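Below: the structure, in C-alpha cells.
The values are calculated or read from the model by the stated rules, or taken from the named source; none is laboratory data. This structure is a prediction, so every number in the text was calculated from the model and none was measured. Here the Cβ positions follow ideal geometry from the backbone for every residue, glycine too, while neighbour counts run over all protein chains shown.
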Amino acid sequence: MATITIEPATADRFDDAQHALSGGSDGYGCQCQWWMIPNSEWQTTSREQREGMLRDEMDAGLSPALIAYVDGEAAGWVRVGPRTRQIRLARTRNYAANSEEPWDDDSVWTVSCFVVRKDHRKQGLNARLLDAAIEYARASGARVIEAYPLDPGAGRKIPTNDLYHGVLSTFQEAGFREVARPKPHVAIVSLDLAA
C-alpha cells in the first residue's frame, strides 16, 4: 500500500509544487493563480509570470496550498486559504450572489482548486487533500470553509479540466452542507469549523 503524506506548500517545496501541478489538466499553465487575480490581469500574464506569483505566495509565510505525496513523489495539490485573498471569487456572479458569508470576512476560508497528477488519480487523493485542508484551516484560525464544487450527477457532462473545483460528493462526505445551487451542476458548500 502506498504511503501518502500531505504537507504545506512552503518555499522549500516549490519544485514539488511544480511537479504536482504539471501532471495533467491546466495546473501547470495556471500555476493556481486563476482565483488570485482579476481576469484583465490573467489575460496579460504569461505562465512564467504566474509561476513567479506562486513562488512569491509560497515565500510569503502562510502557505497557499497543501501538497500530497505518494511514496515521496509530489502527486496532488489543493489551494486553501482566506477567501479574501482569492479576489476573483467575489467577482464571480454565481458565488457572490449566493454565499451566506460576508466577502470581507478573513475568517472565511475557501478550498478552490485541486490538481492530481494523472498517474495518481482514482486513489482518493482529493478526499485526503480535503481532509488535510480542513485541519489546516482549523489550525490557522478559520471559522468557516466555503467551496464551489461541481456535481457530475446533475445531468451535464463536465469536462475533466473543470473538475479542479472538486466534486460535490467529496465535500458532502467530509461534512460540508450545500448552501446554494447557482447552476444545476454548480454548488456552494460550507463547513462551520466552530461546530
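Here are the numbers for the structure shown:
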quantity: Flag if A74 is more than 30 Å from P184 (Cβ to Cβ), crowded, with 19+ Cβ neighbours inside 10 Å, out of contact with any Gly (no Cβ under 6 Å at 6 or more places or on another chain) and touching a residue at least 24 places away in the same chain (Cβ under 8 Å); calculated: yes
quantity: Pairs where the first residue, in region 37-52, is under 16 Å from R85 (Cβ atoms) and the second is surrounded by 12 or more Cβ atoms within 10 Å (Cβ to Cβ), C-beta under 6 Å, 6+ apart; calculated: R50/Q31; R50/Q33
quantity: Any hit, region 36-44, residues being closer than 25 Å to V144 by Cβ and in contact with a helix residue (DSSP H, G or I) (Cβ under 6 Å, 6 or more places away or on another chain); calculated: no
quantity: Unmet requirement for L130, which otherwise passes all of (1) buried (at least 16 other Cβ atoms within 10 Å of the Cβ); (2) modelled with pLDDT under 95; (3) out of contact with any Lys or Arg (no Cβ under 8 Å at 6 or more places or on another chain); (4) not β-branched (V, I, T); calculated: (2)
quantity: Inter-residue pairs, beta-carbon under 7 Å, first modelled with pLDDT under 90 and in region 19-31, second in a helix (DSSP H, G or I) and among the charged types (D, E, K, R), 6+ apart; calculated: G23/K118; G23/D119; G24/K118; G29/R47
quantity: Residue that is surrounded by the fewest Cβ atoms within 10 Å (Cβ to Cβ), among those in region 163-189 that are without any contact (Cβ under 8 Å) to a residue 24 or more places away in the chain and part of a helix (DSSP H, G or I); calculated: S169
quantity: Selection from region 51-70 of residues that are closer than 19 Å to V116 by Cα and of a type in the set (D, E, K, R); calculated: E51
quantity: Condition check for A142: assigned to a helix (DSSP H, G or I), touching a Phe, Trp or Tyr at 6+ places or on another chain (Cβ under 9 Å), within 16 Å of V80 (Cα to Cα) and not acidic (D, E); calculated: no
